[in-house]
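The values are calculated or read from the model by the stated rules, or taken from the named source; none is laboratory data. Keep in mind it's a predicted model, so treat the numbers as computed, not measured. Neighbour counts run over all protein chains shown; Cβ positions are idealised from the backbone, glycine included. Side chains included, ligands, DNA and RNA excluded: accessible areas come from the protein's heavy atoms. Shrake-Rupley method; radii C 1.70, N 1.55, O 1.52, S 1.80 Å.
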Number of protein chains: 4
Amino acid sequence: MKDIEEITQTLVKFRNERDWEQFHNAKDLALAINIESSELLELFLWKTANEADIEKIKEELADVFAYAFILAEKYNLDVKEIILDKVKRNANKYPIEKSKGIVKKYNEL
Amino acid sequence: MKDIEEITQTLVKFRNERDWEQFHNAKDLALAINIESSELLELFLWKTANEADIEKIKEELADVFAYAFILAEKYNLDVKEIILDKVKRNANKYPIEKSKGIVKKYNEL
Amino acid sequence: MKDIEEITQTLVKFRNERDWEQFHNAKDLALAINIESSELLELFLWKTANEADIEKIKEELADVFAYAFILAEKYNLDVKEIILDKVKRNANKYPIEKSKGIVKKYNEL
Amino acid sequence: MKDIEEITQTLVKFRNERDWEQFHNAKDLALAINIESSELLELFLWKTANEADIEKIKEELADVFAYAFILAEKYNLDVKEIILDKVKRNANKYPIEKSKGIVKKYNEL
């Protein structure tokens, strides 16, 4: 079985055992992703990048991923496909010659 | 090659071709995850869960995943491992018999 | 008329002229505050604190304030009162002698 | 003394007594606003707008305001002025006749 399939099945099993699918509408899942990514951000507050606690980063990043995979599953999205598609679009928005070493937004290049 | 390995390699190649690793410290990557997850959230603003545009959801969710994978790569984290570890911890915090059909926080159960 | 009263009346007038109160339930207003505060955050992405554009900061910070005042108005909250109350609580959680020059969370002091 | 002046002075006094200004660069203050607004958002997670706890809303909304006022103070911004300026811009972007009862973004009107 592939990585992402195994992750998704584990998350779905966890959710279903607790009968939580009823709460997991797409809007609240988007809220959950935001809340978890702010908990990740908090690990860096008032700190330099290197001062954050790696063990806590693992946990909060795992939470971001977990809700992101659950939202993908809700819409039957192929996570690899949507990411590779987005990379292709971004390659058009950010051509190498224009964006090398520069992090301006594509509409400011 | 496994899914996650292929995704990560694609993202790293995209980044390196543009010489963007210099900007990608862990703190700013945590900011980027937050910003992308808010763009995802915006698709649901003033709407019910079903009214959001699925094509835009694919793109914004892909962005959340992309920065999350890039942050994981920065710390050499095994994404499957950190998620499965977190699910185990959550299984202890949220025992099935106590949390079935209930979405209270573990410290309120 | 006091500052906050004038701000609130201006925002309410703007909202009511557009008949937008129907969309402004408290949950979506909390989403809007998050979305605006991420747009503020984006002004600092990949940058040091000093490199952000002050004119854009004014606009995004104004948006954060605007939705925060609208949410306060929704619950008939006195903004000055809730802030001064919170400062008092924080003064108990963060006694000067323990927290001077230290930004640990109160439960880690 | 005006409301906003009194709020700002109270917050600045609290900060200075703890010698925290050293940590309060504009970028981390923008992070703090995001983190607090996510804590506010969390009060609505998996809930309808009416199910959130008003006492907790007061506290989290106060935190959002507190960091927003501290950031405004950092740049010597007049909070009333930046909000009223933004309302004027928004009145141009969202003319009453076009936006009455509609919450599309101005570039989709």
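Quick check: is even one residue across the stretch A:9-19 aliphatic (A, V, I, L, M) and without any contact (Cβ under 8 Å) to a residue 24 or more places away in the chain? Taking every residue of the stretch A:9-19 in turn, none turns out to be aliphatic (A, V, I, L, M) and without any contact (Cβ under 8 Å) to a residue 24 or more places away in the chain.
Counting only residues that are more than 7 Å from every other protein chain (Cβ to nearest Cβ) and open to solvent by less than 40 Å² (accessible area, probe 1.4 Å), the stretch A:19-52 holds 4 of them.
Residue selection: C:Asn34 fails the criterion of being part of a helix (DSSP H, G or I) and over 17 Å from the mean Cα position of the chain (by Cα). Mind listing whichever residues of the stretch B:87-101 are surrounded by fewer than 19 Cβ atoms within 10 Å (Cβ to Cβ) and within 8 Å of chain A (Cβ to nearest Cβ)? Listed by number, the residues that qualify are B:Val87, B:Arg89, B:Asn90, B:Ala91, B:Ile96, B:Lys100, B:Gly101. Look at (1) within 20 Å of the chain's Cα centre (by Cα); (2) within 12 Å of chain B (Cβ to nearest Cβ) and you find that C:Asp78 fails only one, number (2). Inspect the stretch C:56-66 for any residue being away from chain B (no Cβ under 14 Å), closer than 26 Å to D:Lys88 by Cβ, surrounded by 13 or more Cβ atoms within 10 Å (Cβ to Cβ) and acidic (Asp, Glu) and give the result as yes or no. Yes, because at least one residue in the stretch C:56-66 is away from chain B (no Cβ under 14 Å), closer than 26 Å to D:Lys88 by Cβ, surrounded by 13 or more Cβ atoms within 10 Å (Cβ to Cβ) and acidic (Asp, Glu). Of all the numbered requirements in (1) of a type outside the set (Asp, Glu); (2) open to solvent by 50 Å² or more (accessible area, probe 1.4 Å); (3) closer than 27 Å to A:Trp46 by Cβ; (4) modelled with pLDDT of 95 or more, B:Asn107 misses one, and that requirement is (4). For A:Ile7, the criteria (1) over 13 Å from the mean Cα position of the chain (by Cα); (2) surrounded by fewer than 22 Cβ atoms within 10 Å (Cβ to Cβ); (3) part of a helix (DSSP H, G or I) hold in every case but one, which is (2). Based on what the data block shows, is C:Ile70 open to solvent by less than 60 Å² (accessible area, probe 1.4 Å), farther than 21 Å from B:Glu42 by Cβ and under 13 Å from the mean Cα position of the chain (by Cα)? The answer is no for C:Ile70.
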